[in-house]
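Just so you know, all these numbers are worked out from the coordinates, no wet-lab data involved. This one's a predicted model, so the numbers in the text were calculated from it and none came from an experiment. Neighbour counts run over all protein chains shown; Cβ positions are idealised from the backbone, glycine included.
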Amino acid sequence: MADTLKLLIHAPTEGALQRARRNAANLLKAAPDAEVEIVINAGAVAAALSQSDPADAWLVVCGNTLTATQAQARPGMRVVPAAVLHIARRQAEGWAYMRA
């Protein structure tokens, strides 16, 4: 049996966030057993905070961006200290990387 597909989608802008949400939904429709995370930083964070979406269950929010913009994550949002560190760790763990 093949290993579980693990995809990390990086979204640094509002447009990229919209694409990442669609990409994640499409991936899970085609491969329901896949694991997916949407890592957001920069402008995507403000977009995610202002407009929720069912795909937000897969979001991983950059703590550095929250600090720099003096924003607060919504309850239930997963926050990591730094998007760049999270991306590097996931890649070291064998996750595929895609920029939206």
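Figure the gain on full extension for ALA73 and LEU5 (residue separation times 0.36 nm, minus the Cα-Cα span) and round it to one decimal in nm.
Numbers: separation 68, 0.36 × 68 = 24.48 nm, distance 2.79 nm.
Extending this stretch completely gives an extra 21.7 nm.
Between segment 20-45 and segment 64-88, how far is it from one alpha carbon centroid to the other, in angstrom?
Centre-to-centre (Cα) distance: 17 Å.
In debye, nearest 20: dipole of segment 32-90 around its Cα centre with unit charges on the Cβ of K, R (+) and D, E (-)?
With Lys and Arg at +1 and Asp and Glu at -1, about 240 debye.
Relative contact order for segment 24-100 using alpha-carbon pairs under 8 Å, separation at least 6, rounded to a whole percent? Numbers along the way, then the final one.
On the way: 70 pairs, mean separation 19.5, N = 77.
Once normalised by length, the contact order is 25 percent.
At 222 nm, what value in deg cm²/dmol follows for the chain if DSSP H runs of at least 4 each add -39500 (n - 2.57) and the sum is divided by all its residues, to the nearest 500?
Details: 4 runs with 42 residues, N = 100.
Helices in the chain give a 222 nm mean residue ellipticity of -12500 deg cm²/dmol.
Connecting C-alpha atoms closer than 10 Å in a GNM of the chain, tell me which of PRO12, PRO54, PRO81 has the biggest fluctuation.
Of PRO12, PRO54, PRO81, the most mobile in the Gaussian network model is PRO54.
Taking a spot 7 Å from the Cα of GLN91 along the direction of its beta carbon, which residues of segment 1-28 have an amide N less than 15 Å from it?
Within reach of a label on GLN91: 7-12.
Using 10 Å bins from zero, what percent of all Cα-Cα pairs in segment 33-100 falls into each bin?
20, 56, 23, 1
Looking at the chain, what % of its DSSP beta bridges pair antiparallel, to the nearest 5? Provide the component values of the computation, followed by the final result.
Details: 0 of 16 bridges.
If I count the DSSP bridges inside the chain, around 0 percent turn out antiparallel.
State to the nearest 20 debye the size of the charge dipole of the chain about its Cα centre, where the only charges are +1 on K and R beta carbons and -1 on D and E beta carbons.
Numbers: 10 positive and 8 negative charges, 32 e Å.
Here the chain has a charge dipole of around 160 debye.
Name the long-range amide H neighbours of VAL79: under 5 Å, sequence gap of 5 or more, or other chain; modelled H, no Pro or chain starts.
VAL61
For a quick check: with amide H placed at 1.01 Å from N, whose amide H comes under 5 Å from VAL39's, ignoring anything fewer than 5 positions away on the same chain?
Those lying under 5 Å, H to H, from VAL39 are ILE9, HIS10, ALA11, VAL60.
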